[in-house]
Ligand code: GLC
Ligand code: CA
């Protein structure tokens, strides 16, 4: 495969995240599946991506949509069979696309054979695979909370102990202090490597080294020791991409995680830019405006700090986040323009960009009746806030803005029943705007959001400055423009984005006539020379190249 001998192949490519349940159904049961993905590989090849990060497809009771795994070495029948998975890996490879699996190593499902054994007795050989504390029924070991609401402890009468679950009660935490657990996991990972996968995304990896007695959840003292062992025993034996999910990462920590010596991962997902519209001490559900200058500062700091001593992941969206065009763009009048602007802003930076399914179409958030929501986190919050006496309309406003289901509505393929996602009844309602927003109408249309992503992916392949150019933020105090340069021996890029919905003038004083306009979301005729060089339309984004 192209670039497979190149150790850092993942620095050049763009990765596409698939949430399998919502991508493409192939057998009419209303649930996306592996054969559905195979049917859509040509679409992804046309987009130009180099790898797919596939959210979990292993056997699971689906309490948290597959992030609760009951068998790491079986495919959930809902998604297909192991043969389908092998075929998907092969078919993707035929198109130059690698498969990145989602590894959930912090916890299993409570229906995993290990946990079924573990809760039988304290003497059971699997008991110590999980995290237990003595206590009495009704007297919790401490007040630790689950990320999905309620206590993080659950009583098991058979053993007279509580087990820890940082997520749902059906997601008991694995005990990483136990060497046997670690070895079991490494064996399983090597087994997947032999199947030819191209890499792994590591779910909530910064929570594996928890120390509940000190109420430590992420960044526990043994975290990097565990990760280095994990990397040594598995990933370092192959030419893989690895990306850890680390909500608690700072640039300092990210330099460790993504150390170029390869001792941990290729990169991490950090969330500093994502939580900016969440105020200190508040929950994500308490809505607040985006502090724009802070967004620039945070992204610039990550760019600068990791330059040549680490590697960034670049993303706006994933299956846990609302749609970026609805969040920081404008999903009404300027949906197309603002979706492209956000794409340009992100893809011009240094790091590996991730596209979440439907982002390349400018798919938007939804506003459903509460009965239409499926996400456990959303439903728990709804009940909790109801009990606390919040107003129904306020609760729904939060859900419209932040529910994870905004990202999980079925992929919008065409203007046909259920957007072409399924011939049956979809497991979650399709966003009614599929009639205007769908892949079929965008592929081949030079003005579509899809074509914008396609162009950005091509530019990254064509110009080395996208990959290794040094980043510099311009106009840090400007309240409207997000502007920066990237520079290497071949040239200097100017990425200039009007972040808002009013026309604006950019105060950068450069000789624009000397530069080549590589991209403009209003078409290339616009923006080169004369007055138009400084006048920007709503959400206008341009990329200029100055060749050295
Ligand atoms: C990660 C996943 C999320 C899941 C959680 C627990 O944050 O992205 O979807 O609910 O881990 O596994
Ligand atoms: Ca199906």
Discussion item. Would you work out the Kirkwood radius for the stretch 113-164? I mean one over the mean of 1/r across all pairs of different Cα atoms, in Å.
Written reply: 11.3 Å
Practice prompt. Measure out, as a whole number of angstrom, how far apart the alpha-carbon centroids of the stretch 353-377 and the stretch 56-125 sit.
Written response: 23 Å
Discussion item. Can you tell me, using C-alpha contacts under 8 Å and at least 6 residues apart, the relative contact order of the stretch 1-123 as a whole percent?
Written reply: 25 percent
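For 211, 510, which order do you get if you count the other beta carbons within 10 Å of each Cβ and list the fewest first?
On the way: 211 13, 510 17.
Fewest-to-most Cβ neighbours within 10 Å comes out as 211, 510.
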Worksheet, complete the sentence: Only helices counted: for the chain, with every DSSP H run of 4 or more residues adding -39500 (n - 2.57) and the sum spread over all residues, [θ] at 222 nm is -7500 deg cm²/dmol
Worksheet item: Along the three principal axes, how long is the chain when you take its alpha carbons, biggest first, rounded to the nearest angstrom?
Response: 79, 51, 46
Worksheet item: Fewest first, what order do 335, 122 take by the number of other Cβ atoms within 10 Å?
Response: 122, 335
Worksheet item: Relative contact order for the stretch 113-164: what is it in percent, counting Cα pairs under 8 Å that are at least 6 residues apart?
Response: 34 percent
Item to complete: Note the angle between two axes, namely the Cα long axis of helix 179-194 and the longest principal axis of the Cα atoms of the chain, as a number of degrees from 0 to 90, rounded to the nearest 10.
Response: 50 degrees
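How would you classify the stretch 318-476 from its alpha-carbon gyration tensor, with a ≥ b ≥ c the square roots of the eigenvalues: rounded for a/c under 1.5, else prolate if a/b is greater than b/c, otherwise oblate? Before the final figure, lay out the partial values.
Working: a/c = 2.45, a/b = 1.48, b/c = 1.65.
Here the stretch 318-476 falls in the oblate category.
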Worksheet item: Helix 449-462 versus the longest principal axis of the chain: what angle, 0 to 90°, nearest 10, using Cα atoms?
Response: 80 degrees
Item to complete: Take the alpha carbon gyration tensor of the stretch 134-263, find the square roots of its eigenvalues, order them as a ≥ b ≥ c, and report rounded if a/c is under 1.5; if not, report prolate when a/b exceeds b/c, else oblate.
Response: prolate
Worksheet, complete the sentence: Counting all Cα-Cα pairs in the stretch 222-267, those more than 15 Å apart amount in percent to 35 percent
Worksheet item: Dividing the alpha-carbon radius of gyration of the stretch 467-547 by 2.2 N^0.38 Å (N being the number of residues), what value is obtained?
Response: 1.02
Worksheet item: So for the chain: antiparallel DSSP bridges make up what percent, rounded to the nearest 5?
Response: 60 percent
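Which whole-number percent is the relative contact order of the chain (Cα, under 8 Å, 6+ apart)?
On the way: 1130 pairs, mean separation 71.1, N = 548.
Relative contact order comes out at 13 percent.
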Item to complete: Please work out whether the stretch 266-307 counts as rounded, prolate or oblate from its C-alpha gyration tensor, where a ≥ b ≥ c are the square roots of the eigenvalues and a/c under 1.5 means rounded, while otherwise a/b larger than b/c means prolate and anything else oblate?
Response: oblate
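How do 413, 311 rank when sorted from fewest to most other Cβ atoms within 10 Å of their own Cβ? If you can, show how the numbers build up before the last one.
Values: 413 19, 311 24.
Neighbour counts put them in this order, fewest first: 413, 311.
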Worksheet item: Helix 292-306 sits at what angle to the longest principal axis of the chain, using alpha carbons and giving 0 to 90 degrees rounded to 10?
Response: 80 degrees
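Values quoted throughout were computed directly from the atomic coordinates according to the rules given, and no laboratory measurement underlies them. Here the structure is a predicted model, which means the values were calculated and not measured. A quick note on method: Cβ atoms are made from the backbone with ideal geometry, for glycine too, and the neighbour counts reach across all protein chains shown.
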